[in-house]
Amino acid sequence: MKIELYERIWIWVATLMIAAFLGAMVFAASRHAVHAPSHVETIDPLRVKVDSEFAHPGVFPQEDGSVLVVAVAEMFRFLPETIRVPAGAPVRFRITSPDVIHGYQIVGTNANVMAIPGYVTDFTLSFPKPGEYLLLCNEYCGLSHHLMQGKLIVEGSAP
């Protein structure tokens, strides 16, 4: 079987593109800590507000200087609605939903996750400078979806 020159060129171009994309994925995973989730944490959505850490959402300073934010996204609000954290401190977010799928986007950062009933979303972020960030739900969750927003206030400096 004879392969024409232009066909060989396209085969090589496609092969090189696939290799480049795989290389970019390996680079991102090794250098920028971009990894697929390693485990899934589940929670009974009917018990979220009764007997779990999400029964009392809030902002909790930790002994190591970091901050734990336990948040619930529910129709049509975030709990807590206003989050205050110190600048420079690592902030760990734990988010879930008792009702429908919600988005949890911190506008102006790369934080854009989903709060899915039955699952806990966990991520860490730090805010180097004081300021205000808007929290938005970017997954349609019902008629009052457009009202679902909150505020994250970064204050002063880390302790």
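Computed from the coordinates by the stated procedures, all read-outs in this text should not be read as laboratory data. Quick caveat, the model's predicted, so the values are computed rather than measured. Note that each Cβ is placed from the backbone with ideal geometry, even for glycine, and that neighbours are counted across all protein chains shown.
The eigenvalues of the Cα gyration tensor, multiplied by 5 and square-rooted, give the stretch 1-66 an equivalent ellipsoid with semi-axes of 51, 18, 7 Å from largest to smallest.
For a label point 7 angstrom out from the Cα of ARG84 toward its Cβ, which stretches of the stretch 52-73 have the backbone nitrogen within less than 14 Å? 59-61, by backbone N distance to the label point. Summarising the strand pairing of the stretch 41-155, around 70 percent of its internal DSSP beta bridges are antiparallel. For ASN138, the residues whose amide H sits under 5 Å from its own are GLY103, TYR104, GLN105, ignoring neighbours fewer than 5 places away on the same chain, with H placed 1.01 Å from N. In order along the stretch 111-116, phi translates into HN-Hα couplings of 7, 8, 10, 10, 9, 10 Hz, rounded to whole numbers, per the Karplus curve 6.51 cos²θ - 1.76 cosθ + 1.60 with θ = phi - 60° and x for Gly and Pro.
Two numbers describe the Cα atoms of the stretch 36-98: Rg and Dmax, which are 12.7, 36 Å. With a cut-off of 15 Å between beta carbons, the residues surrounding PRO130 carry a summed charge of +1, where Lys and Arg count +1 and Asp and Glu -1. Under 5 Å between amide hydrogens, built in the peptide plane, is the criterion, and for PHE93 it picks out VAL69, PHE123, THR124, LEU125 among residues at least 5 positions away or on other chains. The string of couplings for the stretch 6-16 from the Karplus curve (6.51, -1.76, 1.60, θ = phi - 60°) is 5, 5, 4, 4, 5, 4, 5, 4, 4, 5, 5 Hz, one whole number per residue in order, with x for Gly and Pro. Between the alpha-carbon centres of the stretch 117-159 and the stretch 78-100 there is a gap of 6 Å. The string of couplings for the stretch 85-95 from the Karplus curve (6.51, -1.76, 1.60, θ = phi - 60°) is 9, x, 5, x, 7, x, 10, 9, 9, 10, 10 Hz, one whole number per residue in order, with x for Gly and Pro. Hydrodynamic radius of the chain by the Kirkwood approach over all distinct alpha-carbon pairs: 18.0 Å. Scanning residues 5 or more positions from GLY88 or on other chains, those with amide H under 5 Å from its amide H are PHE127, LYS129, with H placed 1.01 Å from N in the peptide plane. Ellipticity at 222 nm from helices only: DSSP H runs of n ≥ 4 in the chain, each -39500 (n - 2.57), divided by the residue count, give -6500 deg cm²/dmol.
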